[in-house]
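Working notes for the structure below.
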Amino acid sequence: MILRTHKLTKHYRRTKALDQLDLEIDRGMVFGLLGPNGSGKTTTLGLLLGVLKPTSGYFEWFGKTPTADARKRVGAILESPCFYPYMTAMQNLAVVSTIKECSMSRREEVLEIVGLFDRRNDPFRTYSLGMKQRLAIASALLAEPDALILDEPTNGLDPQGIVEIRHLIRYIASMGKTIILASHLLDEVQKICTDFCVLRNGEKLYQGSVVDALNEDIRFEIASQDLLQLAAIARDFQSATVIEHEKDRLVVSVAQGVTTADLNAYLIDRGVIVTLLKERKGSLEQQFLNILAEDD
Amino acid sequence: MIRLLQIEWLKLRYYRPFWIMLGMYTTCVILVCSSVMFFFEYIKSKGADFNGVDPTMIPFYDYPDVWQNLTYLASFLKVILAFIVIISIANENSYRTLRQNVIDGLSFTDFLKSKLIFIVVLALGATMLLWLNGLVMASIYSHVHGVEYMFQSTSFLAAYFLGLITYLTFAMMLTFLVPKAGLIIVGLFLYTLFFEPMLSTFIQYYEGTWDWLRPVPTYFPIMSIYYLIPIPFPRYFFMEIQHYILIKEVLIVVAWLVFNVFMSYLLLKKKDW
């Protein structure tokens, strides 16, 4: 067990930023912390990293009550990258190495990983947002941490920067590190994470694995010469629940366990010749909206 | 301990405003402490005579009086050192690096310790600077010379050192309370040089004050440091002065030192960063 929280709660005056959060994160998980803006994601991470003080509840890193030393084994970026603007990447990482008591020679290595080696002797204030974000990731990797916490790591980046950071996170995950990723970009979480939970107004609405969540929501895309006729027929299919028209096709949502073969057999039976029939994997986005809607 | 000093050194080493302010402070101290004789010559040329005494005959730099004279004079410049401390701490808040340091694995206690070490080193440096300055000036003007005089009455240097640490921790505590450099710098400057001295004078000398209230200013955070090194100049007008340091006054200052550090600790521990 890397991390466990028990009824973790944080109040700011009258607002409940986080309410009785229970989480368990195992070694090797890439865990997505999802939720709309202001749902308590950053508050949760701030508590876990010791910069916010919990109102009640507790948490454990590596099965022990957290100490500053435990944080040395965790690499983390919280919100925007925080470094001394007048210092270069190398000088900033020297401060981090001294705090984390790790070798100074790791600095070049991590700067290589994030692709900042060539700019290592430029002051931090001259960096673009993407470079700052990459330096933050380099800093988080410095002490070869067991767990990595990334808060909106692709915030404010251009599409190329987003892809770069995503590759970087996958690469880090492939090294067997546990990653906790807070994001409101569901696409990102779907592509990277193994497990996720959904927060809203400081409450946990859902926790589960990404694969299970996607399998809960299977859809088919179908098309034929006459879409209107097809829609009428498909509506009568045993468990079709939602039907959407896209510009040249229909999207049919069905219950779990229904296969393309079942749908095809049904349509042939009704004399419909389809020009398109394919399974569409559910999206985390849809699941996320379902979870939020269910709670309303 | 070494690690914390190292961290602080890495942070300040490349921070140019720190070196500029340190340079300004050093220049100020050397200028003020070395130019007293020129000042006496200036007022003599303007026709000043102190009851028939030639101002340039005042043995300002003579051993052992030089230590009380210089520490008294230089302690007015400590506010510049406080600015350095305030900026170094307020920056950690505005860059959000205090938070990042903690995330990276520095405990709040370690952070406080690293700032305390910085303050002690700064105060030690300032005391050394004054000592060297005194030695140089005494070697020029003193009527007595000898190694034994160099370390005589140096309790004033120790008191100066204690006063500096206490004052700088006071500035640190205020910055943890309200981490806005500009506000604290202006506030501390006015408070140190105007508000507290004026209030103290009012309490001590206003006729209508209750008698029990009169000694209270000796317990104030800034005035207690001021009283640590008694004003030396009346001795040149054949008046009795206190030419030693009172234990009671040391204890008051030490109590403030403990208070400042403890409050800083509480602020770091209790606040969300």
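Does segment A:43-74 hold any residues that are of a type in the set (V, I, T) and away from chain B (no Cβ under 12 Å), and which are they?
Here is the first cut: in segment A:43-74, the ones of a type in the set (V, I, T) are A:43-44, A:51, A:55, A:65, A:67, A:74.
If the condition is that a residue be of a type in the set (V, I, T) and away from chain B (no Cβ under 12 Å), then A:T44, A:T65 are the ones that fit.
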Report summary line: Residue pairs qualifying under the 8 Å Cβ cut-off, at least six apart or on distinct chains, with the first in segment B:255-273 being within 14 Å of another protein chain (Cβ to nearest Cβ) and acidic (D, E) and the second being surrounded by 13 or more Cβ atoms within 10 Å (Cβ to Cβ) and assigned to a helix (DSSP H, G or I), are B:D272/A:G46
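Could we say that A:L45 is more than 16 Å from A:C193 (Cα to Cα) and crowded, with 22+ Cβ neighbours inside 10 Å here? It would help to see each step written out before you state the result.
Numbers: more than 16 Å from A:C193 (Cα to Cα): yes; crowded, with 22+ Cβ neighbours inside 10 Å: yes.
Yes: the conditions hold for A:L45.
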**Report entry** Pairs with Cβ under 8 Å, 6+ apart, first in segment B:202-224 and free of Cβ contacts under 8 Å to residues at least 24 places away in the same chain, second in a loop (DSSP other than H, G, I, E, B)
**Finding:** B:F202/B:T209; B:I203/B:T209; B:I203/B:R214; B:Q204/B:R214
Report task. Of all residues in segment A:10-57, count the ones that are touching a Pro at 6+ places or on another chain (Cβ under 8 Å) and free of Cβ contacts under 8 Å to residues at least 60 places away in the same chain. Result -> 2
Query - Inter-residue pairs, beta-carbon under 9 Å, first without any contact (Cβ under 8 Å) to a residue 12 or more places away in the chain and in segment B:89-101, second part of a loop (DSSP other than H, G, I, E, B) and among the acidic types (D, E), 6+ apart - result: B:R96/A:E79
Report summary line: Within segment A:66-87, the residues that are over 23 Å from A:C197 (Cα atoms) and in a loop (DSSP other than H, G, I, E, B) are A:T67, A:R73, A:P81, A:C82, A:F83, A:Y84, A:P85, A:Y86, A:M87
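For segment B:15-60, what are the residues that are among the polar types (S, T, N, Q) and loosely packed, with under 12 Cβ neighbours inside 10 Å? Talk me through it step by step, then tell me what you get.
In the first step, residues of segment B:15-60 are kept if they are among the polar types (S, T, N, Q); the result is B:26-27, B:34-35, B:45, B:51, B:56.
Across segment B:15-60, the qualifying residues are B:T27, B:S45, B:N51.
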Report task. Just give me the residues in segment A:74-84 being at pLDDT below 90 and either over 16 Å from A:L47 (Cα atoms) or not assigned by TED's automatic domain parsing to the domain that holds A:I149 (or both), in sequence order. Result -> A:S80, A:P81
Report summary line: Taking segment B:197-232 and keeping residues of a type in the set (G, A, S) and within 23 Å of B:L70 (Cβ to Cβ) leaves B:S224
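Which residues, counting only those in segment A:48-67, are surrounded by 18 or more Cβ atoms within 10 Å (Cβ to Cβ) and in contact with a Ser or Thr (Cβ under 7 Å, 6 or more places away or on another chain)?
In the first step, residues of segment A:48-67 are kept if they are surrounded by 18 or more Cβ atoms within 10 Å (Cβ to Cβ); the result is A:48-52, A:54, A:59, A:61, A:66.
Those that are surrounded by 18 or more Cβ atoms within 10 Å (Cβ to Cβ) and in contact with a Ser or Thr (Cβ under 7 Å, 6 or more places away or on another chain): A:L52, A:P54, A:F59.
Picking from A:Y206, A:Y266, which residue would you name as being out of contact with any Lys or Arg (no Cβ under 9 Å at 6 or more places or on another chain) and part of a strand (DSSP E or B)?
That would be A:Y206, the only listed residue that is out of contact with any Lys or Arg (no Cβ under 9 Å at 6 or more places or on another chain) and part of a strand (DSSP E or B).
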Query - Wholly enclosed strands (runs of 3 or more DSSP E) of segment A:1-47 bearing at least 2 residues of a type outside the set (A, V, I, L, M, F, W, C) - result: A:3-12, A:15-25
Report task. Could you tell me which numbered condition A:E203 fails, if it satisfies all but one of (1) surrounded by 20 or more Cβ atoms within 10 Å (Cβ to Cβ); (2) among the acidic types (D, E); (3) at pLDDT 85 or above? Result -> (1)
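Residues of segment A:127-158 being among the polar types (S, T, N, Q) and part of a loop (DSSP other than H, G, I, E, B), which ones? Let's see the steps before the verdict.
Going residue by residue through segment A:127-158, those that are among the polar types (S, T, N, Q) are A:128, A:133, A:139, A:154-155.
Result: A:S128, A:T154, A:N155.
I'd like the full set of residues that are among the β-branched types (V, I, T), part of a helix (DSSP H, G or I) and more than 14 Å from B:D104 (Cβ to Cβ), limited to segment A:88-126. Walk me through how you get there before you give the answer.
Taking segment A:88-126 first, the residues among the β-branched types (V, I, T) are A:88, A:95-96, A:98-99, A:110, A:113-114, A:126.
After this cut, where a residue has to be part of a helix (DSSP H, G or I) as well, the list is A:95-96, A:98-99, A:110, A:113, A:126.
Across segment A:88-126, the qualifying residues are A:I113, A:T126.
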Query - Condition broken by B:V178, with the remaining ones in (1) over 25 Å from B:K271 (Cα atoms); (2) surrounded by fewer than 24 Cβ atoms within 10 Å (Cβ to Cβ) satisfied - result: (1)
Query raised in the report: Would it be correct to say that A:D19 is of a type in the set (D, E) and within 10 Å of chain B (Cβ to nearest Cβ)?
Result: no
Report summary line: Note on segment B:49-108: residues under 14 Å from the mean Cα position of the chain (by Cα) and either under 30 Å from A:T44 (Cβ atoms) or of a type in the set (F, W, Y) (or both) are B:Y72, B:F76, B:F83
Report task. Pick out, from segment B:81-156, the helices (runs of 4 or more DSSP H) lying fully within it that include 2 or more residues that are of a type outside the set (A, V, I, L, M) and within 14 Å of chain A (Cβ to nearest Cβ). Result -> B:97-104, B:108-141
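Yes/no matrix, rows are residues, columns are (1) surrounded by fewer than 22 Cβ atoms within 10 Å (Cβ to Cβ); (2) more than 30 Å from A:C102 (Cβ to Cβ); (3) among the basic types (K, R); (4) touching a residue at least 12 places away in the same chain (Cβ under 8 Å):
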site	(1), (2), (3), (4)
B:P64	yes, yes, no, yes
B:S75	yes, yes, no, yes
B:I80	yes, yes, no, yes
B:S107	yes, no, no, no
B:K113	yes, no, yes, yes
B:V121	yes, no, no, yes
B:S142	yes, yes, no, yes
B:S153	yes, yes, no, yes
Query raised in the report: In segment A:269-296, which residue that is in a strand (DSSP E or B) and among the hydrophobic types (A, V, I, L, M, F, W, C) is nearest to A:L228 (Cα to Cα)?
Result: A:V274
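The values are calculated or read from the model by the stated rules, or taken from the named source; none is laboratory data. No experiment lies behind these values; they were computed from the predicted model shown. Virtual Cβ from ideal backbone geometry, glycine too; neighbours counted across all protein chains shown.
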